[in-house]
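Read through the structure below, which is laid out as structure tokens, and then see the notes.
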Amino acid sequence: MKLKILHRDPEIIVVHKPGGMTVYEEQGAAENATSVLEQMLGIKVFPVHRIDRGTCGVLIFALNARWSTQLRKSFFDRRVKKTYLALVIGIPPDTGSIKTPLKSREGKEETALTRFTTLETFELAPEIPYSLVKVEPRTGRFHQIRKHFRSIGHPLLGDEQYGTEEINALVAKKFKVKRPLLNAFEITFPHPRSGRMIHVSTDPDPDFSRLCP
């Protein structure tokens with residue numbers, strides 16, 4: 001398997017990670033993006049951030065440890081802007097902010113902020129609407145988008161952990177989808193060497209797009 005390359009220069013490479021693939025080697029995962037990219041390029045690469053296994057979309061790698069450190073600092077300093085597309089159950093408000101505090105993996109409560117815009121609404125079945133939402137997480141908490149949309153009563157389609165079992169079963173049967181329908185759509189970040197802002201975007205995987213006729 002090969003990954004689609006979205007941007008490449010001497011310091012960094014940005015790829016499209018398909019849904020279902022992990023970033024790192026994990027138990028039970030057939031392939032991971034880091035190993036696949038290293039096989040493609042024949043060199044060691046350094047993943048700068050993480051997106052969930054089920055999420056498709058933009059993923060940044062550095063080509064040496066120095067640039068990896070620099071890029072990770074940009075994430076820590078919140079100089080990176082990330083935009084996602086999500087398919088959620090129901091019809092959220094036209095725009096909104098979700099500020100529900102979230103617990104870290106260690107159980108510590110942390111502040112969190114997610115902003116969103118509802119773009120379009122569709123029908124899964126009679127009287128079962130779902131919506132395409134543009135999402136801008138302003139903090140980077142564990143499963144932030146998935147947890148936040150559950151907290152306002154609009155969990156992601158296909159999300160077995162935070163979603164609705166009955167509707168997930170309908171999505172799986174009708175569209176053959178068994179993952180949270182979340183796409184890391186675009187990212188803007190400072191280049192680690194030059195400092196100029198880099199903007200990269202990518203389309204969702206076909207299984208996501210099938211639900212947006």
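The values are calculated or read from the model by the stated rules, or taken from the named source; none is laboratory data. If you're wondering where the values come from, they're calculated on a predicted model, not measured in any experiment. Ideal geometry is used to build each Cβ from the backbone, glycine not excepted, and the neighbour counts take in all protein chains shown.
The residue list Phe76, Phe46, Phe61 contains one member that is without any contact (Cβ under 8 Å) to a residue 24 or more places away in the chain, surrounded by 18 or more Cβ atoms within 10 Å (Cβ to Cβ) and out of contact with any Gly (no Cβ under 7 Å at 6 or more places or on another chain), which is Phe46.
Out of Pro180, Pro204, Pro192, one residue alone is within 20 Å of Arg78 (Cβ to Cβ), in a loop (DSSP other than H, G, I, E, B), of a type outside the set (Ser, Thr, Tyr) and modelled with pLDDT of 95 or more. It is Pro192.
So, of the residues in the stretch 172-213 that are over 26 Å from Leu3 (Cβ atoms) and either of a type in the set (D, E, K, R) or touching a residue at least 40 places away in the same chain (Cβ under 8 Å) (or both), which turns out to be surrounded by the most Cβ atoms within 10 Å (Cβ to Cβ)? Ranking the candidates gives Lys174 first.
For the stretch 92-142, a tally of residues being free of Cβ contacts under 8 Å to residues at least 60 places away in the same chain, in a loop (DSSP other than H, G, I, E, B) and over 22 Å from Asp52 (Cα atoms) returns 4. Of everything in the stretch 104-129 that is touching a Phe, Trp or Tyr at 6+ places or on another chain (Cβ under 8 Å), farther than 21 Å from Glu165 by Cβ and at pLDDT below 95, the residue that is surrounded by the most Cβ atoms within 10 Å (Cβ to Cβ) is Ser104.
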